[in-house]
Amino acid sequence: MLVHIVYAHPSNSSFTHGLLEAFIAGLAEVGHVHTISDLYAAGFNPVLSPEEYARESSYAADLPIPADVAAEHALLDAADAWAFVYPVWWTDVPAILKGWFDRVWTVGWAYHPSTLRRARKAVVLCAAGHTADHLRKTGLLQSMEAVMLADRIFDRADHKEFHLFDGSEALPPAEWELAERRHLERAGLLGREIATS
Ligand SMILES: Cc1cc2nc3c(=O)[nH]c(=O)nc-3n(C[C@H](O)[C@H](O)[C@H](O)COP(=O)(O)O)c2cc1C
């Protein structure tokens with residue numbers, strides 16, 4: 001299976017990067033191949049231009065799209081499954097990934113009409129400083145999950161999953177050490193099981 005990963009974190013020594021590496025190792029272990037949009041490393045421009053705004057807001061699907069956006073479409077269309085790997089920042093994806101959705105989810109490809117190649121599966125790997133318990137009690141987890149799965153992925157994938165890797169800021173160091181190990185194992189498992197729904 002070919003998996004396209006959209007990754008958003010500026011640091012290679014981060015926990016989120018560890019999740020990315022574990023996920024990729026899991027994929028490789030069972031023979032899956034991957035492509036990646038490493039948004040920070042690529043210097044992806046997340047800012048919608050006035051021309052893009054004009055196209056999107058008037059549903060003008062016949063107007064051209066920028067080359068960097070077309071390149072993202074090609075990577076997603078070529079893949080059987082998609083993965084989004086990022087840390088939660090202010091209860092959402094980092095701005096560079098929010099801008100990626102603003103620019104890449106274009107009219108005539110993502111919707112009105114949707115001409116993209118539906119993914120068999122889309123998985124979200126989201127690192128969080130708070131515990132899942134706290135994020136659930138405050139309703140923030142449900143909100144983050146709904147935005148990613150019900151809006152951004154929506155019916156663009158046959159199966160979709162949101163996985164939270166929580167507690168990096170909230171847990172005491174000894175507990176975090178164990179939790180981090182468990183999280184990295186789970187990220188590897190998600191890679192190994194990408195072909196199952
Ligand atoms: C700018 C910024 C905003 C953050 N906002 C949140 C937040 O809203 N909720 C949360 O649970 N964690 C938040 N965090 C914590 C990260 O999500 C957390 O540290 C995560 O595990 C990523 O760790 P990493 O940067 O080592 O990959 C924030 C971190 C930063 C740098």
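Some notes on this structure:
- For segment 2-192, relative contact order (Cα pairs under 8 Å, six or more residues apart, normalised by length) works out to 29 percent.
- CD proxy at 222 nm, helix term only [per DSSP H run n ≥ 4: -39500 (n - 2.57); per residue of the chain; nearest 500]: -12000 deg cm²/dmol
- Angle in degrees between helix 95-104 and the longest Cα principal axis of the chain, rounded to the nearest 10: 30 degrees
- Where both bridge residues fall in the chain, DSSP classifies roughly 5% of the beta bridges as antiparallel.
- Using alpha-carbon coordinates, inclination of helix 67-78 to the longest axis of the chain, degrees: 60 degrees
- In this rough spin-label picture, where each label sits 7 Å from Cα along the Cβ direction, the residue 28-residue 48 distance is 3.8 nm.
- Whole-Hz Karplus values for segment 11-20 come out as 10, 7, 9, 7, 4, 4, 5, x, 4, 4 Hz, taken residue by residue from phi with 6.51 cos²θ - 1.76 cosθ + 1.60 and θ = phi - 60°; glycine and proline positions read x.
- Built amide H within the under 5 Å cut-off of residue 35, gap 5+: 3, 4, 5
- Couplings for segment 162-171, taken from phi via the Karplus curve 6.51 cos²θ - 1.76 cosθ + 1.60 with θ = phi - 60°, read 10, 10, 9, 10, 9, x, 4, 9, 8, 7 Hz in order; Gly and Pro are left as x.
- For segment 2-192, the mean projected area of the C-alpha convex hull, equal to one quarter of the hull surface, is 10.7 nm².
- The Cα atoms of segment 1-87 give a gyration tensor whose axes a ≥ b ≥ c have a/c of 1.5 or more with a/b no greater than b/c, which makes the shape oblate.
- Spatially, segment 17-90 and segment 94-125 are offset by 8 Å when compared through their Cα centroids.
- Residues with amide H under 5 Å from that of residue 160, placed H, sequence gap 5 or more: 122
- Residues listed by number, segment 170-185, amide nitrogen under 12 Å from residue 133 label point at 7 Å toward C-beta: 171-172
Only the coordinates and a few stated rules stand behind these numbers; no lab work does. Keep in mind it's a predicted model, so treat the numbers as computed, not measured. Cβ coordinates were reconstructed from backbone atoms using ideal geometry, including for glycine residues, and neighbour counts include every protein chain displayed.
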